[in-house]
Amino acid sequence: MLKFLARLGLKSFSKRYGYDVGYMRYMLDASPAAFFKFAKLTALAGHNEAAPKDAVFAAKLVGAIAEDCGPCVQLVVNMSSEAGVAADQIEAVLKRDRAAMNADTALGFQFADAITRRTPCADEVRDAVCAHWGDAGVVDLALAVQVGRVYPMVKLALGFAKTCARVRIDDAPVDVVKEAA
């Protein structure tokens, strides 16, 4: 019965976001115990206690970009839009255009970028996040950037990251910039 409900949930998720959940169906079939443990990440990935949504979704996008070539990034773009993040802010993160980011997006982006690239300024950016949103804000962004990286890596490890896709915002293609210029 649980597997049946999980399949329905996956089908609904796939339809809602236009996302291929084949790797999750594979996991459900191969190891239901692992699938149900993995599914608990959803709650952790959705955690947001103190940081504003623009910062949290900027961090999620940076994490997805670090590990993926399109489908998972598109999923986070779609979730960001659904959460009410402005299209221009999503695009600014995808293009690494800090001048086009509002203050919250920029700080979320800087934090996630410093963490994913292990830059020397990581401590300074973490301190700035803490000054703005407290320790809970640091936790929010840490989980946003890192939990979001798990999904594309599991997908890759299971052999399902075979296709790249052009990322789109409101049906307009966007060139994603992975590395700093």
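Every number here is computed from the coordinates shown, using simple stated rules; none is lab data. Note that the structure is predicted; figures quoted are calculated from it, not measured. Backbone-built Cβ (ideal geometry, glycine too); neighbour counts: all protein chains shown.
Here are some notes:
- Straight-line cross-link partners of K178 among the aspartates and glutamates, defined as a Cα under 16 Å from its Cα and at least 8 positions apart when in the same chain: E67, D68, E91, D97, D113.
- Across the range 57-65, coupling constants 3J(HN,Hα) worked out from phi with the 6.51/-1.76/1.60 Karplus curve, θ = phi - 60°, read 6, 4, 5, 4, 5, 4, x, 5, 4 Hz, and Gly and Pro carry x.
- Footprinting exposure proxy for E49, E82, E67 (fewest neighbouring C-beta atoms within 10 Å first): E82, E49, E67
- Summed over qualifying helices (DSSP H, 4 residues or more, each -39500 (n - 2.57)) and divided by its residue number, the chain shows a 222 nm mean residue ellipticity of -22000 deg cm²/dmol.
- At R0 = 45 Å, FRET efficiency that the Cβ-Cβ distance of D127 and M1 yields, to 0.05: 0.35
- HN-Hα J in Hz across the range 109-114 - Karplus 6.51, -1.76, 1.60, θ = phi - 60°, x for Gly and Pro: 4, 4, 4, 5, 5, 4
- Footprinting exposure proxy for L8, L141, L94 (fewest neighbouring C-beta atoms within 10 Å first): L8, L94, L141
- For Kirkwood radius over Cα pairs in Å, computed directly from the structure shown, the correct entry in (1) 16.7; (2) 15.7; (3) 17.8 is (1).
- Taking the chain and dividing mean pair separation by its residue count, relative contact order in percent (alpha carbons under 8 Å, at least six apart): 29 percent
- A simple spin-label model places the labels of K15 and T119 4.3 nm from each other, with each point 7 Å out along Cα-to-Cβ.
- Of K53, K40, K3, the sequence from fewest to most neighbouring Cβ atoms within 10 angstrom is K40, K3, K53.
- Rounded if a/c under 1.5, otherwise prolate or oblate - the range 89-140, Cα gyration tensor axes: oblate
- Proximity of backbone amide H atoms, modeled 1.01 Å from N, is registered between I169 and V174 at under 5 Å, excluding neighbours fewer than 5 places apart on the same chain.
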